[in-house]
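Student: Structure provided below as structure tokens; questions to follow.
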There are 2 protein chains.
Amino acid sequence: MKVGIFIMPKKRTLPYIILGILAQKDEQTGRQITLQFQNEIGEFWKAAHSQIYPELKKMVADDWIEKQTHAGNDKEIYYRLTPKGQAELLAWITQPIDELPVSQDIFSLKLFFIQEATDPRIKTMIAEERALLKKQLAHLKEREHLLFDGHVNQGSYGHYLILKRAIARLKSQLVWLDTVEN
Amino acid sequence: MKVGIFIMPKKRTLPYIILGILAQKDEQTGRQITLQFQNEIGEFWKAAHSQIYPELKKMVADDWIEKQTHAGNDKEIYYRLTPKGQAELLAWITQPIDELPVSQDIFSLKLFFIQEATDPRIKTMIAEERALLKKQLAHLKEREHLLFDGHVNQGSYGHYLILKRAIARLKSQLVWLDTVEN
DNA sequence: ACTGCCATGTAATTAGTTACATGATTAT
DNA sequence: ATAATCATGTAACTAATTACATGGCAGT
């Protein structure tokens, strides 16, 4: 997309996810934010602490978040949203999505390279993929039980939704695997 | 994953996809390979020509592919697999997948940030997402009709599969959207 | 003449990964 | 003691994106 002399910046996602994490629960440390990526968010975005810590510094510099240390605790650094950060999050959510994501599904790509329907590798690959999906599905169902157990808590609708979304995705993939096998 | 003094290289995907593209039809130019990413493969991996051309050079240097120019045509450069490239492709497909991909679904992430079920933005976001999904589904169904039209051609099973996979994915997402709306 | 596409390439930058690093605390 | 985890950070590198760049050829 070329727009005159303006350079179009690459689409950023990580800082907005961090804003979203802090919007759900203020006063979180870099480590707590990092750990969020191991749960439901990790189904849709991954980031290591080595990417998060510098990002937090940048966000402080840009006045999207502010740091706060607690007395008698020089180890942990807590972050919370600034009004500007809240505004940025709002603007980002409101902005329409213009294209669908790429799923980077290595399994599908590997299948793409198999030219003959009779190839014996297909069975093995499906079995392995099914095992991975089942394991993750079990994990997410446990999370659902643990976090919500039937009822959605006030102010957790978003969290509830993406957990449900992840579960639905896994289930549909398992259904599709069955159709391939026959 | 730390394994003694060995440095674990980052997981590469692009060169293997290029090998797969050349395995389906030998003698393709950089441009033809680039264009493949606009169709079915693009559902699962994207790459611009500015990434592909340098990658092709590297793959030639590594003896995974070889370049070939045709007489009276100094414009186009054709590539084909070397035995080593074929072996690399085979090895990659055989290697088990150890973890599920991250879908990088911005729509799901944005939903995550919406805390209340009554938020009026949800309706708009779903409508926009539905439009995107429907458009892409229509496109893929047309591709299916164009390329296969009921029967799978010999040697195109992989291509057929990932097209079917992409269609199934889109359909399941549309179904899920309905469940959110109510 | 101009627009758009074919075909290939490079430059500059940002995003993301792997590894290295330190010091404190908690469990066995 | 020592192993694991908490908590933060940096260094080095690879992958990927956006933009710049050139020359040819086809259509209007």
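The values are calculated or read from the model by the stated rules, or taken from the named source; none is laboratory data. This is a predicted model, so every value here is computed, not measured. Virtual Cβ from ideal backbone geometry, glycine too; neighbours counted across all protein chains shown. Accessible surface is based on the protein model in full, side chains and every heavy atom, while ligands, DNA and RNA are left aside. Shrake-Rupley method; radii C 1.70, N 1.55, O 1.52, S 1.80 Å.
Student: Go over the candidates B:68, B:51, B:86 one by one and state the one that is part of a helix (DSSP H, G or I) and in contact (Cβ under 8 Å) with a residue 40 or more places away in the chain.
Tutor: B:86
Yes or no, residue by residue, for (1) under 12 Å from residue B:176 (Cβ atoms); (2) loosely packed, with under 11 Cβ neighbours inside 10 Å; (3) more than 7 Å from every other protein chain (Cβ to nearest Cβ); (4) touching a helix residue (DSSP H, G or I) at 6+ places or on another chain (Cβ under 8 Å):
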position	(1), (2), (3), (4)
A:148	no, no, yes, yes
A:162	yes, no, no, yes
A:167	yes, no, yes, yes
A:171	yes, no, yes, yes
A:176	no, no, no, yes
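Student: Kindly establish whether residue A:43 is open to solvent by less than 50 Å² (accessible area, probe 1.4 Å), under 21 Å from residue B:107 (Cβ atoms) and acidic (Asp, Glu).
Tutor: yes
Student: Can you name the number of the only condition in (1) within 14 Å of DNA strand D (Cβ to nearest atom); (2) of a type outside the set (Gly, Ala, Ser); (3) out of contact with any helix residue (DSSP H, G or I) (no Cβ under 9 Å at 6 or more places or on another chain); (4) not in a helix (DSSP H, G or I) that residue A:26 fails?
Tutor: (1) is the only condition that residue A:26 fails.
Student: Follow-up question, since we're still on this one. Within 14 Å of chain B (Cβ to nearest Cβ) and away from DNA strand C (no atom under 14 Å from the Cβ), is that true of residue A:32?
Tutor: Answer is no for this residue.
Student: Mind checking whether some residue in region B:101-112 is in a loop (DSSP other than H, G, I, E, B), under 20 Å from the mean Cα position of the chain (by Cα), more than 10 Å from chain A (Cβ to nearest Cβ) and among the hydrophobic types (A, V, I, L, M, F, W, C)?
Tutor: no
Student: Looking only at region A:4-40, count how many residues are of a type in the set (D, E, K, R) and buried (at least 20 other Cβ atoms within 10 Å of the Cβ).
Tutor: 1
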